[in-house]
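Data first, discussion second: the structure below is written as structure tokens.
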Amino acid sequence: MTSLSYAGISELAEAVNGQRLHNSALDEFRVVKLDRRQFLKLTGVVGGGLMLASVAPRAHAQDSATFQPNGYLKIDSDGIQIFAKNPEIGQGVKTSLPMIVAEELDASWSDVQVLQAPIDTGTYGYQFAGGSMSIPTNYATLRNAGATARSLLIRAAANKWNVDKATLATQNSHVVDSASGRKLSYVELAGDAASLPMPSDGEVALKDPKQFRLLGTRLTGVDNEAIVKGEPLFGIDQSLPGLKYAVYQKCPAIGGTVSSANLADVKKMPGIVDAFVLEGNGNASELLPGVAIVANSTWEAMQAKKALRVEWDESDASKDNWEQASNEADRLRLENGQQQVVNQGDVDAALESSAGSASGFYKYHFVSHAPLEPQNCTASFKDGALVLWAPTQTPPQAIGSAARIVGVAPNKVTLNQMRCGGGFGRRLYNDFVCEAAAIAKHVGVPIKLQWTREDDIAYDLFRAGGFHQMDGSVDADGKITGWRDRFITFTADGNRPVTGGSLDASVFPNGLVPNMRVEQTSLKWTNRCAAWRAPGSNVFAFVVQSFLHELADAANRDHLEVLLEVLGEPRRLGRMHTGRASGVVKLAAEKAGWGRELPKGHGLGVAFYFSHQGYVAQVAEVGVGDPEGARQNRSGESVQQRKLYVHKITTATDVGPIVNLSGAENQVQGSVIDGLSTMMDLSVTFENGRVQETNFDRYRMLRMPSTPQVAVHFIDTGEFPPTGLGEPAFPPVAPAVCNAIFAASGHRVRTMPISEEGFYLA
């Protein structure tokens, strides 16, 4: 396992933006515990850290009533202000990260004002939201930041009262002298604390978690009231004096360029300021060729876009075709793969000598991120400087990319960090920021670029589809003896698989069964693929946890019993601890009433997955209706329609100590609903390089009446540091539901979305 330094996080972000990040890279980190000397000396420790310059007192730069010992905290006559360093994309970090500082500071939450931090890597290190990394990579740093400030405030009170600081305590934003009953607020002590030197080694003590008053409680999001009131927090809300509105039309097939366009006609339309061609910069993740239209209103810009007629040169454009890829995968599944990812024991011998076996061909489609807020960015370029208002998950990366686009140094770019209306990995990539920057430079006035929903899906960076030929064996005692996975994935460059489309040796159940082989073959693909909520895990869990159920059925054994048997005795296995895995499996089964008698047509299904350092098990309870007649699916196959009732999904999660219980519950519930929506009916198909599902009429999201009951349970053994929660609860949803479908009906689901096999939600 490796720790992530500032350089490491910067490299990680570069990898994300360059589409070369694999799931293992997100999973492989540990939280570093720092002593006081390390904390002060290191620049860019885990979580970005406090730079030495920002930790040291800055009395010369602040008045006597302002206490700002680091970039995360300021106390003055206006009260206690805590800065949230990372982008808020709905995962709750604008609340949870400041909570960590406030806990160690011993501040009353009602006294705290939370502000979005500026983009400043010198103070905060790399600022980004992705990989469920905000909590684990900032926890130690933020605790130290709050504790250091608390230590200085105590010393300031001790000096004022002329007492031993060891006799003083803190509570609810005050330093308290229990002997005399005196107390001073942090605001009253700010000026005195600002003049003190930084604490020496050993002088700052972190709280014992048993003393926590704030962490682990339920707190509402700091922006909730503003969101309800419709305040302009999001990128799409921004407005400036003299603002114009822009749209950008790219070739429907990625890689096409503009041959000609009816620009003269478009410019004559009402409200149109300009229409022009941008050549692109050769980097599909930054600026693709296209036609920009700038208007006095978004409506006029979009009307002009409808009237735009472009002749595209598609000589080098994508010719991707999902049906052709599916047919090729169906052929390749019978052949040995190009690469062996895992080769443990003798799989062939195990399959030949088995007492029972299972075999199945699994496939899953491409899907779009489809955040609620389509991509947008406001940009102003004036006097060689660029100012951006961008809802991005990687602000420093956006600054670098935009600077290249307009030809200035990064220090000439200012990015205002906007709240994101959903991300799920899409806003790790900054093509929309680059487009806005290029248009703003061309027209010389502030513009707001707005993508339509059709743009957002058609020009997404997709979760990759894939195919798995699964074969396995069990012995006479019903134990799994052999496991083979022939995985067919996609590649953009002919070498490495696309992001989220590569298996590695950590794939479940490697190390848990005696004979296992995983083979990987890549098909050429041009459309862009990228990190998508729980990259890799979001689809691999469906395959491996469903197939484990197939083998349990082949052995005529209870699936829960087989799953726990495979996990075995508690031990460290690579990055996963099997004891923690078994713990969540047992808890989910207990809370769901595993083994109880159910009505006819009902079933329970269990699944577990370890993703982004999080351990999550889920038990789904479903009902399956009788066959209702045949219909054709997207592939033109005839399938029996059946109504599916997902009554309840019980989850058990171990991500260490919880920071904000309300936010944690929200993350799990949201992951379950997102997982159910995705597995049911979400699919992006391609013909001649073009996306076929470009709006919600064909890309059908889950509707509110179909939302199941979601029961959320957490385990905290107290032995492990906290890890992230934005992604781990997503992967087990599909296999838990599909295993429950088999228990209820005997139908084995091997395709996502499962509407391809005729199922639809009641």
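What to note about this one:
- Filtering the range 273-302 to residues that are of a type in the set (S, T, N, Q) and touching a Ser or Thr at 6+ places or on another chain (Cβ under 9 Å) leaves ASN283, SER285.
- Looking only at residues of the range 307-328 that are part of a helix (DSSP H, G or I) and of a type in the set (Asp, Glu), we find that the one that is nearest to the chain's Cα centre (by Cα) is GLU323.
- Search result, residues across the range 167-204 that are open to solvent by 50 Å² or more (accessible area, probe 1.4 Å), under 39 Å from the mean Cα position of the chain (by Cα) and of a type in the set (A, V, I, L, M, F, W, C): VAL187
- GLY282 vs. criteria in the same structural domain as GLY422 (by TED's automatic domain parsing), without any contact (Cβ under 8 Å) to a residue 40 or more places away in the chain and open to solvent by 40 Å² or more (accessible area, probe 1.4 Å): yes
- Qualifying residue in the range 652-662 (condition: out of contact with any Gly (no Cβ under 7 Å at 6 or more places or on another chain), outside any loop (DSSP other than H, G, I, E, B), open to solvent by 20 Å² or more (accessible area, probe 1.4 Å) and under 19 Å from LYS591 (Cα atoms)): no
- Qualifying residue in the range 701-716 (condition: closer than 30 Å to LEU215 by Cβ and part of a helix (DSSP H, G or I)): no
- Per the listing ASP471, ASP485, the residue uniquely over 21 Å from THR678 (Cα atoms), open to solvent by 10 Å² or more (accessible area, probe 1.4 Å), charged (D, E, K, R) and assigned by TED's automatic domain parsing to the domain that holds LEU351 is ASP471.
- If the condition is being hydrophobic (A, V, I, L, M, F, W, C), part of a loop (DSSP other than H, G, I, E, B) and open to solvent by less than 30 Å² (accessible area, probe 1.4 Å), then the range 488-504 contributes VAL498, LEU503.
- Set side by side, the residues VAL507, VAL445 differ, and just one is open to solvent by 30 Å² or more (accessible area, probe 1.4 Å) and in a loop (DSSP other than H, G, I, E, B), which is VAL445.
- Scanning the range 555-576 for residues that are touching a helix residue (DSSP H, G or I) at 6+ places or on another chain (Cβ under 8 Å), in a loop (DSSP other than H, G, I, E, B) and not small (Gly, Ala, Ser) yields ASP558, GLU569, PRO570, ARG571, ARG575.
- Verdict on ASP471 being among the acidic types (Asp, Glu) and either in contact with a helix residue (DSSP H, G or I) (Cβ under 9 Å, 6 or more places away or on another chain) or in contact (Cβ under 8 Å) with a residue 12 or more places away in the chain (or both): yes
- Within the range 415-442, the set of residues being in a helix (DSSP H, G or I) and of a type in the set (A, V, I, L, M) comprises LEU428, VAL433, ALA436, ALA437, ALA438, ILE439, ALA440.
- Failed item in (1) under 33 Å from the mean Cα position of the chain (by Cα); (2) open to solvent by less than 70 Å² (accessible area, probe 1.4 Å); (3) within 23 Å of ALA117 (Cα to Cα); (4) among the small types (Gly, Ala, Ser), with SER239 passing the rest: (2)
- Residues that are among the hydrophobic types (A, V, I, L, M, F, W, C), assigned to a strand (DSSP E or B) and open to solvent by 10 Å² or more (accessible area, probe 1.4 Å) within the range 366-414 comprise PHE381, ALA385, VAL387, TRP389, VAL413, listed in sequence order.
- Check on GLY663, closer than 24 Å to SER546 by Cβ and at pLDDT 95 or above: no
- Test: residue in the range 262-271 that is under 23 Å from ARG404 (Cα atoms), open to solvent by 20 Å² or more (accessible area, probe 1.4 Å), in contact (Cβ under 8 Å) with a residue 40 or more places away in the chain and over 29 Å from the mean Cα position of the chain (by Cα): no
- Residue within the range 55-63 that is open to solvent by less than 10 Å² (accessible area, probe 1.4 Å), in a helix (DSSP H, G or I), modelled with pLDDT under 95 and within 30 Å of ASP208 (Cβ to Cβ) present: yes
- Residue match in the range 216-228 (condition: in contact with a Phe, Trp or Tyr (Cβ under 8 Å, 6 or more places away or on another chain) and more than 24 Å from THR392 (Cβ to Cβ)): yes
- Residues that are touching a Lys or Arg at 6+ places or on another chain (Cβ under 7 Å), in the same structural domain as THR66 (by TED's automatic domain parsing) and modelled with pLDDT of 95 or more number at least 3 in the following strands (runs of 3 or more DSSP E) confined to the range 151-216: 174-177.
- In the set ASP111, ASP78, only one residue is open to solvent by 30 Å² or more (accessible area, probe 1.4 Å) and touching a Gly at 6+ places or on another chain (Cβ under 8 Å); that residue is ASP111.
- Residue list for the range 682-726, filter: closer than 20 Å to GLY466 by Cα and in contact with a strand residue (DSSP E or B) (Cβ under 8 Å, 6 or more places away or on another chain): LEU682, SER683, VAL684, THR685, PHE686, VAL691, GLN692, GLU693, TYR699
- Residues in the range 107-149 that are more than 17 Å from GLN81 (Cα to Cα) and among the aromatic types (Phe, Trp, Tyr): TYR126, PHE128, TYR139.
- For the range 448-458, a residue qualifies if it is open to solvent by less than 10 Å² (accessible area, probe 1.4 Å) and part of a loop (DSSP other than H, G, I, E, B), and exactly one does: TRP451.
- Some residue of the range 731-739 being part of a loop (DSSP other than H, G, I, E, B) and either closer than 30 Å to ARG143 by Cβ or not assigned by TED's automatic domain parsing to the domain that holds ASN633 (or both): yes
The values are calculated or read from the model by the stated rules, or taken from the named source; none is laboratory data. This one's a predicted model, so the numbers in the text were calculated from it and none came from an experiment. Don't worry about glycine lacking a Cβ; one is built from the backbone with ideal geometry, like all the others, and counts go over all protein chains shown. Calculation scope for accessible area: heavy atoms of the full protein, side chains included, ligands and nucleic acids excluded. Shrake-Rupley method; radii C 1.70, N 1.55, O 1.52, S 1.80 Å.
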